[in-house]
Amino acid sequence: MGEISGRSYEEIIDRFREIVAGLNRRRIYVDILYDASSYTRIYKSRMEERFVIRPQVAGIVIRGYKGGVWREFGVQGLEELDQVVERLKKWNSATKHPVELREFEGWSVDKEIKGALPPEEISVEEKVNVVREIHRDLQKADAKVINPIVVYYDSTMERIFVNNEGCVLRQKIPRIRIFLQPIVKEGARVEFDYYSKSGEVGFELIKSISSEEVNKAVQNSVALLRAGKAPSGTFPVVVDPDMAGLIAHESFGHGLEADQILRDRSYLKRYIGKRVASDLCNICDSPVVEGEIGTYFFDDEGIRAVRTVLVEEGILKNVLHDRYTASAMQMQPGGNGRRESFSHKLHVRMSNTYFEAGDWTLEEILEGIQYGVMLVRGFYGMEDPLAGGMQVTSKKGYLIEKGECTQLLGAITMSGYVLDVLQSIDAVGKGPVQHRGGTCGKGHEDYVPVTTGGTYLRAQKAVVGPA
């Protein structure tokens, strides 16, 4: 058996099972991952139109763990696996203090997510036509629109995983996203708001975008032309669900990836089991939130995807693990060992990271503020996992006076020591939790799909200023 292109998934699974059947788990741990993916990206602005269309590319990663050391090989054909296995059988490796890789559950699953209109079954022509139509609608919505931007992305990922612990796993997942950015101008002032939509569904998500949604995106941009400048200083703040998700991602994202903990690259290491936020705060990472683009059935190490409670009633309970870090720290993994593709390294990664809902209405949250700021629509953020600092920026916001939002404000930056901000949270809004999809890198590479989410939050101690 040679190349994997054209092989059925049943053939691939049978071959993988045949290979691992002869490998003694007591002597060496071995797993094999098949990864096949395709994607389409369309960018449309007033000045240009760009397409990236990649038909399915597939590859295999086989790796072994022995004596505290991983060895990993990438191959393109099934026949190459035999050669790699022979090398693994002859491999002698030992470190002075090896981490014993725990044996985890052997299990089976075969799942496909299918939308009504699978993206791989939609022609590129139809995708381009829909993008052009949305672009025209953005342009026509208001004379102040000088450059409507539409970015469309879809991908279909299939992964098969077999190991010598008894795992036989397959998942096929479509992911789709669209981003609208109407840039508007009046006089010398240029502004924009944005609208995004994503999910593990089919092309119907894009076709369902209504003219009302397009018009609202434009009018939100136009409104920013008259937005004021945010005050500077330390104020009580309210953040919307989108900003709450950004804070969850930046405050308890990379800093709770256990490889960072083991490398002493996270200030949160010393807070495990201790208070890090007010008792109203519950933060989770869950790859099993239905329909979100950070969702999957198993990670790229064959660990069953489960919800991990990171912060429970303000106490830091857990961190995110792959097989190695869970073994080294004697903790339970939740399925956070992820690769961008077969040609990328595996890392501990987030999935869907969010604040859980509380029981406050937005009106009740606002009532408690005499003078403060609301931050709306997360734009970008950064964290310092060594010192515990955080900086997040919203696309817009509102001045809060006597419990009411009075003036629209432009982009706002919120910064400070993460624990100070989270321990000052004294109100958490009712659900449902709202999610927004995107991608996240480990540093400046190895991008994987994730979502962030939350509800309205109120914090009494945050430093804000105009972005």
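Derivation of every value follows stated rules applied to the coordinates shown; laboratory data play no part. Just so it is clear, the structure is predicted and the values come from calculations on it, not from any experiment. Neighbour counts run over all protein chains shown; Cβ positions are idealised from the backbone, glycine included.
At what distance in angstrom do the alpha carbon centres of region 189-231 and region 430-444 lie from each other?
17
Rounded to the nearest 5, what % of DSSP beta bridges with both residues in the chain are antiparallel?
90
Compute the separation of the alpha-carbon centres of region 1-61 and region 112-142 and state it in Å as a whole number.
Answer, in whole Å: 26.
Run through region 1-83 and list the GluC sites (Glu not before Pro) located in a DSSP loop whose Cβ has at most 13 other Cβ atoms within 10 Å.
Those that pass, being in a loop and sparsely packed, are 48, 79.
Can you work out the Karplus-derived ³J(HN,Hα) for every residue in region 270-284? Use 6.51 cos²θ - 1.76 cosθ + 1.60 with θ = phi - 60°, whole Hz, and x for glycine or proline.
Calculated HN-Hα couplings, in order: 7, 9, 4, x, 10, 6, 10, 8, 5, 6, 7, 8, 10, 10, 10 Hz.
Need one number: nm distance between label points at residue 386 and residue 69, each 7 Å from Cα along Cα→Cβ, rounded to one decimal.
So the label points at residue 386 and residue 69 sit 3.0 nm apart.
Please sort 257-265, 280-288, 186-194 by packing, taking for each peptide the average over its residues of neighbouring beta carbons within 10 angstrom, highest first.
Per-residue mean Cβ counts within 10 Å order the peptides as 280-288, 257-265, 186-194.
Search the structure for amide H atoms under 5 Å from the amide H of residue 110, placed 1.01 Å from N in the peptide plane, and list their residues when 5 or more places away or on another chain.
Here 170 satisfy the definition.
Nearest 20 debye, what's the magnitude of the dipole of the chain about its Cα centre given +1 on Lys and Arg Cβ and -1 on Asp and Glu Cβ?
1020
For a quick protection proxy, order the peptides 447-453, 147-153, 36-42 by their average other-Cβ count within 10 Å, most packed first.
447-453, 147-153, 36-42
Indicate, rounded to the nearest 5 percent, the antiparallel portion of the DSSP beta bridges found entirely in region 9-226.
Among the beta bridges of region 9-226, antiparallel pairing accounts for roughly 95 percent.
Listed here are the pairs 140/442; 172/345; 197/269; 96/172; which of them are more than 31 Å apart at the Cα?
Result: 140/442; 197/269; 96/172 exceed 31 Å.
Which of the listed residues, 157, 122, 9, is farthest toward the dipole's positive end in region 9-226, when Lys, Arg count +1 and Asp, Glu count -1 at the beta-carbon?
Comparing the listed Cα positions along the dipole, 157 ranks first.
Go through 272, 231, 245 and say which Cα lies farthest out towards the positive end of the charge dipole of region 216-304; charges sit on Cβ, +1 for Lys and Arg, -1 for Asp and Glu.
Going by the charge dipole, the pick is 231.
Could you compute the net charge surrounding residue 441? Neighbours are other residues with a C-beta less than 15 Å from the C-beta of residue 441; K and R count +1, D and E count -1.
Result for the neighbourhood of residue 441: -2.
Apply 1/(1 + (r/R0)^6) to the Cβ-Cβ distance of residue 91 and residue 17, taking R0 = 25 Å, and write down the FRET efficiency to the nearest 0.05.
Once the sixth-power term is evaluated, E becomes 0.70.
If the chain between residue 207 and residue 371 were fully stretched, how many nm would it gain, using 0.36 nm times the residue separation less the Cα-Cα distance?
Using 0.36 nm per residue and subtracting the Cα-Cα distance, I get 54.8 nm.
For the chain, what class follows from the C-alpha gyration tensor (a ≥ b ≥ c being the square roots of its eigenvalues): rounded when a/c is under 1.5, otherwise prolate if a/b is larger than b/c, else oblate?
Oblate shape, in that a/c is at least 1.5 and b/c is the bigger or equal ratio.
May I ask you to compute the full-extension gain from residue 133 to residue 186, defined as 0.36 nm times their residue separation minus their alpha-carbon distance, rounded to one decimal in nm?
Gain on extension, residue 133 to residue 186, equals 16.6 nm.
Restricting to DSSP H runs of at least four residues, report the calculated mean residue ellipticity at 222 nm for the chain, -39500 (n - 2.57) per run over all residues, nearest 500 deg cm²/dmol.
The helix contribution divided over the chain gives -5500 deg cm²/dmol.
Taking 60 Å as R0, compute the FRET efficiency from the Cβ-Cβ separation of residue 363 and residue 83 and round it to 0.05.
Once the sixth-power term is evaluated, E becomes 0.35.
Give the separation of the Cα centroids, region 358-428 to region 90-110, in Å.
Distance between centres, Cα-based: 44 Å.
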